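First comes the structure, then the notes that go with it.
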Amino acid sequence: MVSPDIDRDDQPFSYFSKPTDVIGVMNAPAATEISPEGYLYTGFCELMFFTGPEQTAISARIRTLEDGYLPVISYSVSPMGIEYRFTAFAAQVPAPAANDSEATGEIVNFVRVTMRNTGQNPRAAFLTTAVRYQAEQTTDEPIGDNRFRRPAQAEKVGDFQQPGEPFRSDWSYRMEGGACLRDGRALYLYPEQPAPKLSLTLHNHYNRVKPLASSTLNLSPATPACSATYTLPLAPGESRSLDFRMPLIPPAKGSSDFGRITEAGFDQAHALVVQFWKTMLARGMRIGLPEAKPVETFNASLVYDLLDRNIVQGKFVQTASQFHYHRFYLRDSADYVRMYDATGYSDIAAQVIGFFQTRQQPDGNFLSQPSQYDGWGEALWAIGEHFRRSHDLAFAQDVYPRIERAVDWLIAARARDPLHVMPASDVRDNEYVAGHLTGYNFLALDGLKSAIEIAKALGRLDDAARFQEEHDEFRATFLALLDKVEKASARQAGPFSASLPPSLDAGEWKGTDWGNLLAVTPEPVLDPWDPRVTATLKSTQARYQEGITTYAEPDDGVFLHHYLTIKNTLTELVRGEQQQAIREFYAELLHTSSTHAGFEYAIRPWGSRDFEGNIAPHGWFAADYRNLLRNMMVREENGSLHLLSAVSPEWVGKGKTIRVMGAPTYFGKLNFTLEMPEQTGAILHIESAFDHPPRELVLHIPWFLSASDVSADGMPMKIVNGAVHLPANTREVRITWSRASSPAMSYERTAASYKEEYRRRYAHLMTTGEMSTGPDSWHVPE
């Protein structure tokens with residue numbers, strides 16, 4: 001564990017003990033990590049900061065984003081009565097033209113350090129900068145702690161790659177003209193006024209004065225080089241700022257790129273970055289809630305996913321991270337595509353889908369990682385989902401030959417397989433078990449539904465009939481296997497023996513929960529209330545720790561898994577389990593940083609809160625979170641459009657408003673506003689632009705409210721099972737309600753409760769030397 005004192009009440013809560021952040025440029029093929037300390041780490045070096053006369057390395061765990069979502073990161077340290085505030089972002093130099101989507105200029109990191117005397121007496125500020133190749137290594141992985149591996153050259157576009165160069169101890173260094181040069185290339189630029197004290201290393205052996213150029217330093221990877229120390233006397237309340245620039249790819253001194261960087265200014269670059277991202281946000285779906293954290297996470301998640309989208313050799317490549325998962329995955333990208341389409345960025349979704357064709361094999365299979373056959377279903381489902389939302393027949397016509405080849409592959413693969421389902425796999429990723437994986441089959445059936453729908457839309461009725469026959473036969477075979485597995489499991493003791501297994505094959509280890517959570521989402525293969533779905537939800541929830549899913553590996557114990565929980569939450573929305581959905585919603589938010597970044601796994605329950613190299617932000621969490629909050633506000637189901645499937649008690653009350661603007665649906669665009677002028681009622685204003693209306697609108701009443709009277713455009717409406725079924729053209733709904741119960745759920749209460757429980761467990765550890773054991777009784781407070 002870590003000391004609970006890291007969680008200060010006067011700062012935003014950040015789950016991670018050693019957070020990492022990203023600054024970058026949309027479409028650029030690489031980005032910069034903000035390290036746990038607050039340093040800037042690229043493929044070439046790491047820019048470090050020290051404060052005070054003793055040159056103490058900074059450690060700034062709490063960071064914030066400008067306006068809560070912009071990729072302009074701020075953090076501060078306050079030693080000895082001086083506040084040092086760091087503001088960092090990345091920009092393209094020169095700024096791109098309005099119609100230039102590709103990041104063709106030099107990517108430059110800008111850092112402004114503002115020093116302010118917070119005391120009543122004169123005080124001097126001391127700031128030192130330096131670079132090193134990499135941080136200290138304390139794990140068995142040959143990279144600095146909580147950094148990504150670099151350099152790496154991709155074998156093909158979409159494979160893992162990171163720019164950079166391997167370490168050399170014989171590099172030459174020189175400091176001149178406000179630049180730190182390594183072998184003649186600029187690692188960073190520092191201000192020459194006020195004049196800094198310069199040194200090729202942070203400290204000099206024997207305190208000797210050394211020249212500012214050397215080819216014989218013989219440094220280690222962690223040695224700080226090219227240090228610049230500033231001393232700035234400050235009157236009480238006075239502030240002064242210094243600006244630094246760090247190119248993502250170091251240019252040669254005297255080159256045109258170097259010249260443009262020297263001329264680039266912080267303020268102008270900052271203004272352009274802010275304008276770009278605000279314009280990007282404004283053209284998509286917007287959500288307004290009476291609670292900041294959910295909305296800021298929704299907005300920041302879009303930025304994180306767009307920063308993960310690269311242009312490489314003219315191709316749009318959606319990666320899962322600009323860091324350690326800097327590669328293309330079909331399964332992740334399918335959820336990205338759905339998110340872009342469902343939140344107003346259909347053009348970006350189309351660009352991401354365009355790269356899918358590079359992963360279709362000569363035999364017709366879609367495969368981005370060897371033997372990971374979930375890619376087949378994910379690819380076809382995403383193609384179908386894009387068509388449902390865009391209604392783009394030209395797209396459907398263009399992609400259709402690939403759909404035909406994919407279905408032909410499936411038919412042949414099932415014929416060869418001894419169980420006549422998706423082929424077995426032994427990659428031991430996700431489900432972490434060899435065999436016929438349940439989730440691969442759920443996803444394949446989702447993909448077949450898309451193939452049938454597109455075939456019908458194009459008038460390819462013979463193909464549609466053939467695809468339907470394949471779907472029906474496949475589904476019958478798969479469900480028979482599930483029945484067989486269920487009967488075998490029923491002979492075992494335990495309350496969750498009827499749950500869906502990760503693997504269909506016999507064996508003591510059935511794998512860890514993953515694809516078995518996909519029976520209802522993204523498409524319902526089983527009825528949402530199928531007893532096996534219920535049992536699977538209860539089984540996974542029984543293993544939750546800290547309110548979210550756990551991920552088990554046979555020889556490595558149990559970890560927390562962040563975004564996997566959302567598969568359950570999406571299923572609960574369809575089942576109408578609002579209260580559980582909100583519990584998980586806040587647990588998901590709890591496990592983000594103060595910059596709203598999510599992670600994958602590798603953190604132990606009630607442990608150090610350190611992902612030890614599995615660094616944040618993770619793009620799949622960002623996409624899943626946006627899909628979740630969007631579905632909580634508006635979602636499609638069986639030709640109907642559902643509104644407010646789950647809302648928090650924190651969002652309901654006198655004077656509060658819930659607002660959704662520019663929400664794309666299968667049926668067209670939708671805006672709505674829920675106003676609550678009084679504690680006892682609400683008015684829902686709906687503005688729709690449906691090109692083909694849904695069968696009905698379904699308005700869900702929050703579980704903690706009792707509605708006594710509902711009218712739609714003046715006509716009385718019935719409340720059935722906690723929902724009101726409205727005509728598709730409804731414009732205004734008036735509701736009279738009262739509190740049936742008084743849960744007090746919110747992000748702030750969740751964070752406060754978690755901090756209290758963490759402190760209790762830490763005290764137990766310090767008293768007994770042992771971790772608290774037994775079932776995890778902590779839950780999101782109500």
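Considering E106, E102, the condition of being among the acidic types (D, E), open to solvent by less than 50 Å² (accessible area, probe 1.4 Å), more than 19 Å from the chain's Cα centre (by Cα) and modelled with pLDDT under 95 is satisfied by E106 alone. Note on region 68-85: residues that are under 24 Å from the mean Cα position of the chain (by Cα) and without any contact (Cβ under 8 Å) to a residue 60 or more places away in the chain amount to 2.
Listed here are the residues, each with its yes/no results for (1) surrounded by fewer than 24 Cβ atoms within 10 Å (Cβ to Cβ); (2) more than 26 Å from E588 (Cβ to Cβ); (3) at pLDDT below 95.
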| site | (1), (2), (3) |
| --- | --- |
| F266 | yes, yes, no |
| A269 | yes, yes, no |
| Y304 | no, no, no |
| A320 | no, no, no |
| Y345 | yes, no, no |
| G354 | yes, yes, no |
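Filtering region 306-318 to residues that are farther than 23 Å from T592 by Cα and either surrounded by 24 or more Cβ atoms within 10 Å (Cβ to Cβ) or hydroxyl-bearing (S, T, Y) (or both) leaves N310, V317. Can you find even one residue in region 4-21 that is modelled with pLDDT of 95 or more and part of a strand (DSSP E or B)? Among the residues of region 4-21, at least one is modelled with pLDDT of 95 or more and part of a strand (DSSP E or B), which makes the answer yes.
Among all residues of region 198-217, there is none that is at pLDDT 95 or above, open to solvent by less than 50 Å² (accessible area, probe 1.4 Å) and within 34 Å of the chain's Cα centre (by Cα). For W509, the criteria (1) open to solvent by 20 Å² or more (accessible area, probe 1.4 Å); (2) among the aromatic types (F, W, Y); (3) touching an Asp or Glu at 6+ places or on another chain (Cβ under 7 Å) hold in every case but one, which is (3).
Of all residues in region 125-145, none are under 21 Å from R240 (Cα atoms), buried (at least 19 other Cβ atoms within 10 Å of the Cβ) and within 24 Å of the chain's Cα centre (by Cα).
Restricting attention to region 324-368, the residues that are β-branched (V, I, T), under 16 Å from the mean Cα position of the chain (by Cα) and in a helix (DSSP H, G or I) total 1.
Out of curiosity, is Q545 open to solvent by 10 Å² or more (accessible area, probe 1.4 Å), polar (S, T, N, Q) and within 30 Å of E757 (Cβ to Cβ)? Yes; evaluated as a whole, the condition is true for this residue.
Looking at G237, is it surrounded by fewer than 12 Cβ atoms within 10 Å (Cβ to Cβ), in contact with a Lys or Arg (Cβ under 8 Å, 6 or more places away or on another chain), small (G, A, S) and modelled with pLDDT of 95 or more? Here the answer is yes, as G237 does meet what is asked. Going residue by residue through region 251-258, is there one that turns out to be free of Cβ contacts under 8 Å to residues at least 40 places away in the same chain, assigned to a helix (DSSP H, G or I) and not hydroxyl-bearing (S, T, Y)? No: zero hits. Selection of first residues in region 693-721 that are more than 23 Å from L573 (Cα to Cα) and of second residues that are among the polar types (S, T, N, Q) and not in a strand (DSSP E or B), restricted to Cβ pairs under 7 Å at least 6 apart or on distinct chains, gives the following pairs, ordered by first then second residue: A712/T730; D713/T730. Suppose we keep only residues that are small (G, A, S), open to solvent by less than 50 Å² (accessible area, probe 1.4 Å) and more than 13 Å from L448 (Cβ to Cβ) within region 394-412. Which one would you say is nearest to the chain's Cα centre (by Cα)? The selected residue is A396. From the residues in region 218-229 that are among the hydrophobic types (A, V, I, L, M, F, W, C) and over 16 Å from A179 (Cα atoms), which one is surrounded by the fewest Cβ atoms within 10 Å (Cβ to Cβ)? So, considering only residues that are among the hydrophobic types (A, V, I, L, M, F, W, C) and over 16 Å from A179 (Cα atoms), the one surrounded by the fewest Cβ atoms within 10 Å (Cβ to Cβ) is A222. Listed by position, the strands (runs of 3 or more DSSP E) inside region 650-717 whose residues that are buried (at least 20 other Cβ atoms within 10 Å of the Cβ) and touching a helix residue (DSSP H, G or I) at 6+ places or on another chain (Cβ under 8 Å) number at least 2 are 656-665.
Hey, can you tell me all the residues within region 581-593 that are touching a Phe, Trp or Tyr at 6+ places or on another chain (Cβ under 9 Å) and open to solvent by 10 Å² or more (accessible area, probe 1.4 Å)? Listed by number, the list is empty, since nothing qualifies. Figure legend. Inter-residue proximity from region 745-768: first residues closer than 16 Å to K293 by Cα and open to solvent by 50 Å² or more (accessible area, probe 1.4 Å), second residues in a helix (DSSP H, G or I) and among the acidic types (D, E), beta-carbon distance below 9 Å, spacing 6+ or different chains. Indicated pairs: E748/E650; R749/E650.
Checking every residue in region 415-434 against the condition of being modelled with pLDDT of 95 or more, under 25 Å from D527 (Cβ atoms) and touching a strand residue (DSSP E or B) at 6+ places or on another chain (Cβ under 9 Å) gives at least one match. S608: of a type in the set (S, T, N, Q) and surrounded by fewer than 22 Cβ atoms within 10 Å (Cβ to Cβ), yes or no? Against the criterion (of a type in the set (S, T, N, Q) and surrounded by fewer than 22 Cβ atoms within 10 Å (Cβ to Cβ)), S608 qualifies.
Across region 275-287, the number of residues qualifying as open to solvent by 20 Å² or more (accessible area, probe 1.4 Å) and in contact with a strand residue (DSSP E or B) (Cβ under 7 Å, 6 or more places away or on another chain) comes to 1. State all residues of region 455-478 that are surrounded by 15 or more Cβ atoms within 10 Å (Cβ to Cβ), within 28 Å of S499 (Cα to Cα) and of a type in the set (A, V, I, L, M, F, W, C); if no residue qualifies, say none. Across region 455-478, the qualifying residues are F474, F478.
Scanning region 50-85 for residues that are open to solvent by 50 Å² or more (accessible area, probe 1.4 Å), assigned to a loop (DSSP other than H, G, I, E, B) and among the hydroxyl-bearing types (S, T, Y), we see that the one that is farthest from K293 (Cα to Cα) is S78.
In the set (1) at pLDDT 95 or above; (2) of a type outside the set (F, W, Y); (3) farther than 24 Å from A125 by Cβ; (4) part of a loop (DSSP other than H, G, I, E, B), the condition left unmet by A195 is number (3). Restricting to region 611-622, count the residues that are open to solvent by less than 10 Å² (accessible area, probe 1.4 Å) and closer than 27 Å to E770 by Cβ. Total satisfying the criteria: 1.
Here's the yes/no breakdown for (1) assigned to a loop (DSSP other than H, G, I, E, B); (2) within 25 Å of the chain's Cα centre (by Cα):
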| residue | (1), (2) |
| --- | --- |
| S753 | no, yes |
| R761 | no, no |
| M766 | no, no |
| E770 | yes, no |
| G774 | yes, no |
| S777 | yes, no |
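Taken over region 425-437, the criterion of being open to solvent by less than 50 Å² (accessible area, probe 1.4 Å) and in contact with a Gly (Cβ under 9 Å, 6 or more places away or on another chain) is satisfied by S425, N430, E431, V433, A434, G435, L437. When region 551-580 is filtered for residues that are open to solvent by 20 Å² or more (accessible area, probe 1.4 Å), closer than 17 Å to D610 by Cα and in contact with a Pro (Cβ under 7 Å, 6 or more places away or on another chain), only V558 remains.
The values are calculated or read from the model by the stated rules, or taken from the named source; none is laboratory data. Being a predicted model, the structure only gives us computed values, none of them experimental. Neighbour counts are summed over all protein chains in view; Cβ atoms, including those assigned to glycine, are modelled from backbone coordinates with ideal geometry. When the accessible area is computed, the model is the full protein with side chains, heavy atoms only, and any ligands, DNA or RNA have been set aside. Shrake-Rupley method; radii C 1.70, N 1.55, O 1.52, S 1.80 Å.
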